[in-house]
Every structure is written in C-alpha cells, then in structure tokens.
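Undergrad: My structure is below; once you've seen it, I'll send some questions.
The values are calculated or read from the model by the stated rules, or taken from the named source; none is laboratory data. None of the values given here were measured: they were computed from a predicted structure. Please note: Cβ atoms are built from the backbone with ideal geometry, for glycine as well, and neighbour counts cover all protein chains shown.
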Amino acid sequence: MQQEEASIPESIASYGHTLFNDLVRDAEWAGIFMLVLAGLFVFLGTALLIARVLGTISQRALRLAGRQEWAEGLISHRVFRNIGFALPLLAVLSNLPMLAIRPDLAILLTRIITSAGVVFVFLALIGVLRTWEDIYSASHRAQTRSIKGYVELARILLWVICTILVVSIMMDRSPLLMLSGLGALSAVLLLVFKDTLLSLVASTQMSNYDMLRLGDWIEMPQAGADGFVIDMALHTVKVQNWDKTVTTIPTYKLFSESFRNWRHMFESGGRRIKRTLRIDASTVRFLTEQEIEALRRYALLGEYLDGKQQELEESNRQLGELSAIPANRRRLTNIGTFRAYAKAYIERHPEIRQDMIMIVRMMEPHSEGIPIEVYCFSNNTAWVEYERIQGDIFDHLLAILPEFWLRLYQSPAGSDIARLQNFTRNQE
C-alpha cells in the first residue's frame, strides 16, 4: 500500500514532465502561447498608456478651447480608451506576418484582430455621439428640441455597419455582397424594424411641425397620460403624470393618434377660466325701484344702472299709454343685474387678462337651474396660482348672490328631507 502511495507523486511528476516536453517539442504551439501571453500584457499596457496620453492631450486642448464639457464627456464615455485599444491592434496586425506560424492560423488571427479593431473604432464613435447628446441635453435648446431619437438612430446604424464589416471580414467577403444579401431580405428587415421606421418618421414629423417638446404638458386619455414630457427617445416618449407615475408611449402613436398639448396655453400667458353658477330659477324676478336704489351702493354697478335705466325709460316712453301696464314695460331683473356685476368684477380684477375674451353669459335653463357661465383668462398659468385666482373669483360671486335676491341651485340633501318631515309632523 505504501509503495502504491509513493508511486502516485512520481506518476504525476512524470506526467507533468512528459507534457512539458511535448509542449517544448511542439515549438509552434509553445511560441503561440508565449506570444499571446506576452502580447496580452504588452497590448494592455500600451492601450492604457495611449488612452492616458490621448486623454491628457485632448483634455488640455479642449480646456484651452473652452470645451471642458467635451473633455469630461469623452473620458466618461471611454472614447480615448477604445482608441487606445484599437491602435495597438493595428500595430499587432502589421507585425503578424513576421511570426513563424501556419498560414491558416495567421489568416484566422488577422481576421480576429481586424474585427476587434473595427469594434473598438465603432465603440469610440458611439462614445462621441453619446458625449454630444449629453452636452446638447445640458443646453437651453434641449428644453425645446430633443435629439435623443436621432442619436439612437445613428447608434443603430453604426452597430449595423459594424456588424456587416465584422461578418464580411470573418467570412472574407466584400461588404457590398453583404449589403446585396440584405436587399434580398428587405421584407424581413422591414418587419423586424417596423417600429423603428415608424418611430423615425414620427420623430421627424413631430420635430418639423414642432408638435412636441421636452417639458410639454400633454393629455392622452387613451394612453393614460396626463403630465409633463420628461424624455423623448426614438421608440418611446415618457410622460410623468401628476401622481408621479410615468407613462411610456410609443413615439409613432403620438403622431398617428390625437393628444392635447398645453404648451401654447403657457406661451400665451393666459389660462382659461370657464365655470358656471347654477341659479335657482324660482328666485329670478324683476327688481323694484327700491331694490335698484339699494344696489347703487355697489361701485361696480353705478355705470351699468345709469345706462340701463336711461335705456329702459326711453323704451318705455315710446310705448305711450301701454307703459301703464307693468307687463308691457321693460324692467331690470336681478339675474341680469348680477351678470352685469360679475362682468364688471372680472373686468377690474388685477389678475385677469384684459386683452383676452371675457364673457358672463346665461346658458340654456334646465332641470338643475339656470347656468351663468364665467369665461375669462387668468394672467398666471401656474396650476396653484390659477386655482387660487379662480377660487377667489367664485368665492366672491357666490357670496354676493344673496345681495341680488338670488339663490344657488342645490339638490335636496338628506338633512333637507329630514327637516321637511319634522316640519310636517309639527304642523300635524
């Protein structure tokens, strides 16, 4: 047993010695292994050195030119590092014929190294594109026009070109033959890239017609979107809703379907106020002379009452003897006087746009009262301030209604019915 255990290390040593002798005798594979190992260290060291030198020189040059953001962007997106990997590969490729290796192996290494160099070059180009996108996104122009979709399209095209070149190099075929083969597969490619093509057309059209910008407030009920546009990519547009959720909409849907954009409202500087007061029809009546005199204490009504009474007196004078009958005479109504008061109130309100339309109109009466609609524009488009202005106006109009002997219509509540029942019992 002890002899068997002692023979195990000897057999392992003998196997290792035989394997080493085989590797040494096979000079080609030993040379390749040593070459690859040494070349890997040299390649990494040279690549990092070139990247460091290129980065330092470019950073100083860009700083002197006032383009510090370009220097930081190129470094962060590893443009110099990718260039640093590509240049040593070219050096290795130029010295590859000097190595004593089989021709078929040399051809394979040439194709692999060339393909790797092409990939690193395209990675550097994509890094330049991403740097440009970041710099543009930080500018003021990015607040109105986004180039993210175009950059994504350029990246897709670069990757397609890179793939075609790598495949043609590995297969030792002309890239033109590869492109002709893609032409034969055009129907399949159109099906695969259908969304990309639709999104490209939609992005182009929306940009040309200025239909959508970053920061726009849009409403698209069919997509469940109601909020601000926070991102515009080639395939999708992201909308942050008021509840802080994010809705992702395909770009082509924004072009093929309707949506509401509130940007022009903000640019106009006026936000519409459109709200109705429903007046109880049973409270509408003519005003007496005493009530008209009582309403003169309101400064907003003085001019209206003077002009209206003069108009009514002239009209009634033309009736002659018929004016003795009250039904024939024109008289002021409390609801008409209230409309005049509301119109004068918004005309003198400091937070209402005086250069935009202002209307206080009576709409068609129905079972829920007589609607009096106030239509005007506030001079502040911010949501919180807009609601404050609107609330102040209608607080005042609701509070002033009883002064015109009017009452707001309100459906009977449970407490109203209970009071009516109690009143009926007490009467019994």
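Undergrad: Show me the helices (runs of 4 or more DSSP H) entirely contained within region 313-428 in which 1 or more residues are among the aliphatic types (A, V, I, L, M) and touching a residue at least 24 places away in the same chain (Cβ under 8 Å).
TA: 334-347, 383-400
Undergrad: Right, something else. If we keep just the residues of region 287-315 that are of a type in the set (Ser, Thr, Tyr) and over 19 Å from Lys343 (Cα atoms), which is modelled with the highest pLDDT? Outline the logic, then answer.
TA: Within region 287-315, the subset of a type in the set (Ser, Thr, Tyr) is 288, 298, 304, 315.
Those still in the list that are over 19 Å from Lys343 (Cα atoms) too: 288, 315.
Values: Thr288: 90, Ser315: 79.
Per the criteria, the residue is Thr288.
Undergrad: What are the residues in region 137-178 that are β-branched (Val, Ile, Thr) and modelled with pLDDT of 75 or more, if any? Spell out the reasoning first.
TA: Within region 137-178, the subset β-branched (Val, Ile, Thr) is 144, 147, 151, 156, 160-161, 163-164, 166-167, 169.
Across region 137-178, the qualifying residues are Val151, Ile156, Val160, Ile161, Thr163, Ile164, Val166, Val167, Ile169.
Undergrad: Considering Ile393, Ile417, which residue is of a type in the set (A, V, I, L, M, F, W, C), at pLDDT 95 or above and assigned by TED's automatic domain parsing to the domain that holds Phe338?
TA: Sole residue among the options that is of a type in the set (A, V, I, L, M, F, W, C), at pLDDT 95 or above and assigned by TED's automatic domain parsing to the domain that holds Phe338: Ile393.
Undergrad: Under 7 Å by Cβ, and 6 or more places apart or on different chains, what pairs join a residue from region 225-249 that is closer than 17 Å to Trp262 by Cβ and in contact (Cβ under 8 Å) with a residue 24 or more places away in the chain with one that is assigned to a strand (DSSP E or B) and among the polar types (S, T, N, Q)?
TA: Short answer, once both residue conditions are applied: Ala225/Asn241; Ala225/Thr247; Thr247/Asn241; Ile249/Thr236.
Undergrad: Consider Ala225 carefully, then state whether it is in contact with a strand residue (DSSP E or B) (Cβ under 8 Å, 6 or more places away or on another chain) and surrounded by 17 or more Cβ atoms within 10 Å (Cβ to Cβ). Before the answer, list the steps.
TA: Numbers: in contact with a strand residue (DSSP E or B) (Cβ under 8 Å, 6 or more places away or on another chain): yes; surrounded by 17 or more Cβ atoms within 10 Å (Cβ to Cβ): yes.
For Ala225, the condition - in contact with a strand residue (DSSP E or B) (Cβ under 8 Å, 6 or more places away or on another chain) and surrounded by 17 or more Cβ atoms within 10 Å (Cβ to Cβ) - is met.
Undergrad: What do you reckon, is Ser415 within 26 Å of Ser268 (Cβ to Cβ) and among the polar types (S, T, N, Q)?
TA: In short, no.
Undergrad: Looking for whichever is over 23 Å from Val284 (Cβ atoms) and in contact with a Cys (Cβ under 7 Å, 6 or more places away or on another chain) here; the options are Ile417, Ile352. Which one fits? Before you say what the answer is, go through the steps one by one.
TA: On the way: Ile417 fails: in contact with a Cys (Cβ under 7 Å, 6 or more places away or on another chain).
Just one listed residue meets the conditions, Ile352.
Undergrad: If Ala294 satisfies all but one of (1) surrounded by fewer than 12 Cβ atoms within 10 Å (Cβ to Cβ); (2) free of Cβ contacts under 8 Å to residues at least 60 places away in the same chain, what's the number of the condition it fails?
TA: That leaves (1) as the condition not met.
Undergrad: Go through (1) crowded, with 17+ Cβ neighbours inside 10 Å; (2) at pLDDT 90 or above; (3) not assigned by TED's automatic domain parsing to the domain that holds Asn380 and name the single condition Ile273 misses.
TA: In the conditions (1) crowded, with 17+ Cβ neighbours inside 10 Å; (2) at pLDDT 90 or above; (3) not assigned by TED's automatic domain parsing to the domain that holds Asn380, Ile273 misses (3) alone.
Undergrad: In region 72-85, which residues are surrounded by fewer than 20 Cβ atoms within 10 Å (Cβ to Cβ) and within 30 Å of Thr114 (Cβ to Cβ)? Outline the logic, then answer.
TA: Kept after step one, since they are surrounded by fewer than 20 Cβ atoms within 10 Å (Cβ to Cβ), are these residues of region 72-85: 72, 75-76, 78.
Scanning region 72-85 gives Ile75, Ser76, Arg78.
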